[in-house]
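First the structure, in the form of structure tokens, and then the observations on it.
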């Protein structure tokens with residue numbers, strides 16, 4: 001089944017962009033980035049920022065991210081996938097990142113949420129961005145919880161100081 005991603009969440013203050021792979025079925029149903037409550041994205045990012053994002057409605061979460069200079073998007077604009085696992089993504093269509101310099105001139109760091117998205121790290125690095133592949137926020141990745149929290153905080157904690 002072909003699935004489509006969302007428009008980017010960016011503004012003139014965006015200096016860090018988090019790229020996932022492709023929204024899960026639950027996220028697509030809700031039309032929300034990281035809409036599956038089993039995904040730890042909002043908990044990890046909220047913990048790093050010192051804000052309880054999980055308790056907020058989606059629009060408020062996005063407002064908080066924008067205030068902290070954080071944008072969201074996905075590597076793929078579309079792809080075929082049964083279910084929601086990244087390993088099942090095929091026939092992927094990559095988003096057009098050439099417009100980033102124009103859309104978000106302050107962008108300095110592109111973070112990839114997990115290994116599948118991270119496969120495209122060199123593409124953004126070649127465009128001149130600093131890059132970092134973060135441990136996936138997927139609930140299936142909780143076995144690395146402490147390391148995962150540390151790595152996410154190392155990137156995003158600066159927004160609270």
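How big is the Kirkwood radius of region 2-160, worked out from every pair of different alpha carbons and given in Å to one decimal?
Computed over region 2-160, the radius equals 15.6 Å.
Can you pull the one-decimal nm distance between simple spin-label points at residue 60 and residue 115, each 7 Å off the Cα toward Cβ?
That separation, rounded to one decimal, is 3.7 nm.
Calculated FRET efficiency, residue 122 and residue 26, Cβ-Cβ r, R0 22 Å, to nearest 0.05?
Result of the calculation: an efficiency of 0.15.
Label-point separation (nm) for residue 154 and residue 2, each offset 7 Å from Cα along Cα-to-Cβ?
Between residue 154 and residue 2, the simple spin-label model gives 4.0 nm.
Return a whole-number percent for the relative contact order of the chain, with Cα pairs under 8 Å and 6 or more residues apart as the contact set.
Over the chain, the number comes to 32 percent.
In deg cm²/dmol and to the nearest 500, what is the mean residue ellipticity at 222 nm of the chain if only DSSP H runs of at least 4 residues count, each as -39500 (n - 2.57), divided by the residue total?
Calculated mean residue ellipticity at 222 nm is -8000 deg cm²/dmol.
Report the extension gain between residue 145 and residue 94 in nm, rounded to one decimal, defined as 0.36 nm multiplied by the number of residues separating them, less their alpha carbon distance.
Stretched out fully, the residue 145 to residue 94 stretch lengthens by 15.4 nm.
FYI, it's all coordinate maths here, none of it is from the lab. Nothing here was measured: the structure is a model prediction, and the numbers come from that model. Cβ coordinates were reconstructed from backbone atoms using ideal geometry, including for glycine residues, and neighbour counts include every protein chain displayed.
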